[in-house]
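The values are calculated or read from the model by the stated rules, or taken from the named source; none is laboratory data. Just so we're clear, the structure is a prediction, and the values are computed from it rather than from any experiment. Note that we place each Cβ from the backbone using ideal geometry, even for glycine, and neighbour counts take in every protein chain shown.
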Amino acid sequence: MSLATPIASALHVLTAVTWVGGMFFAFVVLAPNASKTLDIQQRVLLWHGVLQKFFLGVWVAFITLFLTGIWLIGVYGSAIRTHMTIMALLGLAMVGIFMKTYFKPFKALSAAVALNNYDEADKALSKIKALVGINLVLGLATIVVAAGGRFL
């Protein structure tokens, strides 16, 4: 086995955990506290700034996970186990939800912020939070499958 395989595996895990950890922070920590302490304009502007940076990271994560996943599939070949297939399917679902989030409500959020229309921005933000919540559940499930699936 070449050094590329453990590097790809480590990058794959670190990237996945970073993406899911970012969603956990946003959904469980930031969202409830921002809602309690900030007015609509402050909340929308904070979220917009956070999401711009986070979504850039998600694009990098998606590309990294795809490339390292392809590499690892090539390494395992016909030895691919059921839990690996489940991880890949969950990952594809997460990417689909991310793309829907990015190209629909996030674009609407950005457009509303540019027009200082905070009510519309808040509506888009609600949709984003709902989709992030779904992706968080899928991401946590993926980590569970990754950690425990090899024992099945």
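Specify which of the listed residues (Thr85, Thr68) is farther than 16 Å from Asn135 by Cβ, of a type in the set (Ser, Thr, Tyr) and without any contact (Cβ under 8 Å) to a residue 12 or more places away in the chain. Explain how you work it out, then say what you get.
Working: Thr68 fails: without any contact (Cβ under 8 Å) to a residue 12 or more places away in the chain.
The match here is Thr85.
Just give me the residues in the range 103-118 being within 13 Å of Leu45 (Cα to Cα) and in a helix (DSSP H, G or I), in sequence order.
Within the range 103-118, the first condition is being within 13 Å of Leu45 (Cα to Cα), and the residues that meet it are 106, 109-118.
Once the filter is applied, which keeps residues that are within 13 Å of Leu45 (Cα to Cα) and in a helix (DSSP H, G or I), the range 103-118 yields Phe106, Leu109, Ser110, Ala111, Ala112, Val113, Ala114, Tyr118.
Does Ile128 satisfy being at pLDDT 95 or above, under 17 Å from Lys53 (Cα atoms) and of a type in the set (Val, Ile, Thr)?
Numbers: at pLDDT 95 or above: yes; under 17 Å from Lys53 (Cα atoms): yes; of a type in the set (Val, Ile, Thr): yes.
Judged against the criteria, Ile128 is a match.
Among the residues of the range 1-52, what is the count of those that are aromatic (Phe, Trp, Tyr) and without any contact (Cβ under 8 Å) to a residue 24 or more places away in the chain? Before you say what the answer is, go through the steps one by one.
Residues of the range 1-52 that are aromatic (Phe, Trp, Tyr), as a first pass: 19, 24-25, 27, 47.
Next, from what is left, pick out any that are without any contact (Cβ under 8 Å) to a residue 24 or more places away in the chain: 25.
Number of matching residues: 1.
List the number of the failed condition for Asn135; all other conditions in (1) polar (S, T, N, Q); (2) surrounded by fewer than 16 Cβ atoms within 10 Å (Cβ to Cβ); (3) in a helix (DSSP H, G or I) hold.
For Asn135, the exception is condition (2).
Taking the range 92-132, which residues are aliphatic (A, V, I, L, M), farther than 29 Å from Thr68 by Cα and surrounded by 15 or more Cβ atoms within 10 Å (Cβ to Cβ)? Full working, then the answer.
As a first pass, look at the range 92-132 and keep what is aliphatic (A, V, I, L, M): 92-95, 97, 99, 108-109, 111-115, 121, 124-125, 128, 130-132.
When the remaining residues are screened for being farther than 29 Å from Thr68 by Cα, the result is 108-109, 111-115, 121, 124-125.
Those that are aliphatic (A, V, I, L, M), farther than 29 Å from Thr68 by Cα and surrounded by 15 or more Cβ atoms within 10 Å (Cβ to Cβ): Ala108, Leu109, Ala112, Val113, Ala121, Ala124, Leu125.
List pairs: first in the range 100-123 and without any contact (Cβ under 8 Å) to a residue 12 or more places away in the chain, second among the charged types (D, E, K, R), Cβ under 9 Å, 6+ apart or cross-chain?
Ala111/Glu120
How many residues are more than 12 Å from Phe98 (Cα to Cα) and of a type in the set (D, E, K, R) when one looks only at the range 128-152?
Here is the first cut: in the range 128-152, the ones more than 12 Å from Phe98 (Cα to Cα) are 137, 140-152.
When the remaining residues are screened for being of a type in the set (D, E, K, R), the result is 150.
The number of residues fulfilling the criteria is 1.
Being among the β-branched types (Val, Ile, Thr) and at pLDDT 95 or above, is that true of even one residue in the range 75-89? Don't jump to the end; show me each part of the working.
Step one: of the range 75-89, the residues among the β-branched types (Val, Ile, Thr) are 75, 80, 82, 85-86.
Narrowing further to those that are at pLDDT 95 or above: none.
Among the residues of the range 75-89, not one is among the β-branched types (Val, Ile, Thr) and at pLDDT 95 or above, which makes the answer no.
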